[in-house]
Amino acid sequence: MERPRYAVSRQRSCQECSITKAKCDRQPGGCTRCWERNIRCVYPKATIVKNERTAPANSGGTESPTSASTMLKPSNMRTVLPSRHSSSSSPVSFHSQQTASLCPPLLLPSTAKMDTNFSALKLSCPINADDITARWMNPYIPVPGQAVKSYPPAVTALISRNLESYAAISVRGRHLVPFIHPAQLSGLHVHGDSPLVVCLGLLQSWGVPGSENALSRVIWDEMRTICDKRNEYEAIDLLGAFQAFLLYMLVLFFRLGQTPDNQLRQAMMDLQALATLAAKKGLTCIADNDHSSPLWEEWIVTEAKRRTLYVMYLFDSVLSSQENLPTFLGTELQGLPAPAGKYLWQAGTRAEWKHLYNVHLVEWPERLTIDELWPIPADMDAAEEMERRKRVNHWLEDVDEYGAMLYAVTSITHGV
């Protein structure tokens, strides 16, 4: 019997890359292409290689407090996307308590190792949160003191591109959007049924060719579930539900091509109702009233909640522009703090954050508020205007990419 020309296969790509004729980098632990898609990576004449790649270690040999070294794998997800290795094209529902997540590992900073306690937080709501729920009526029913804001086309494009990137970040799962704090996904409070955990796992499982319709149906189902349970959530899960609902809408609009229609308009109304419930649980720390340091958990919840709220308002303006409706200043948010600085937001340990916040208290006897990024009032004199500009310049010294984006929008629109 004639021996084959080659005793060992000359195939260098893994099975999946070979079938699709894609370039394979043959990384140990699974090639990058399979790892990003969370699919089995099989090499010729080899056993199945599980995707267990982790982030590279720091060059210094020690782990940085903010290094992306830990992974979140939700163990209890409701997923109705078809399996990559199933011959059936119909959606499959997984409701078992032991269902494995289909999402790739989400790299989180080392705060995931800490025990954070988000119960019994001392928060307050300094605004009339009910005005957020009524915001959808502004284009139809004039409200006293209503101020129209006209975004230049370039600003609308800037907002859209940034919001679209948030949808893409959530789908790829390599890091978090800048309005979700890593500590929200760490500690004893995290569970598989958490709306934010379910959301991130579901969005990261996307990628099966032809699964867009199935994913869209699941997203709408999850949004209905959040609406049905919105009065049952604890404070931290209510924040997560608010963020998850917003991410679902961003993915529907920017990734799945959902056009503004009655269904999407109703979803925005539901999102604003969620925002109102979350706001009533607290948008600022009570400790701020006497200029003292709050708990780290209190600061995380209020900062993440305000950031999410501001993103919702930007998204609302994008939808309004799509329907040729006017957009209005969010005067109901007047007095809320502007986004915090980069180093406070990215602090990886409680001690690091505490030190930075004490410095912040010294530098900011009165924090910059979001309305200081709005148009200069007509009755403001030159000295007051100069003082405001100095405060904004001081704030800009420490902003992260989120704050920079927000300032770009307000500066170009209002000339601040």
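Values in this text are rule-based calculations from the coordinates and carry no lab data. Computed from a predicted structure; not experimentally measured. FYI the Cβ positions are ideal-geometry reconstructions off the backbone, even for glycines, and counts take in every protein chain you see.
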Mean projection of the alpha-carbon convex hull of region 324-416 over all orientations, in nm²? 7.5
Exceeding the 26 Å Cα-Cα cut-off - candidates Lys229/Lys305; Lys229/Lys280; Lys281/Lys354; Lys23/Lys342: Lys23/Lys342
Spin-label pair Asp228/Glu397, simplified geometry with 7 Å Cα→Cβ offset, distance in nm: 5.2
With x for Gly and Pro, the residue-by-residue ³J(HN,Hα) of region 286-298, computed from phi through the Karplus equation 6.51 cos²θ - 1.76 cosθ + 1.60 at θ = phi - 60° and given in whole Hz, is 4, 4, 5, 5, 10, 6, 10, 7, x, 5, 4, 4, 5
By Cβ neighbour count within 10 Å, fewest first, Lys305, Lys229, Lys390 rank Lys390, Lys229, Lys305
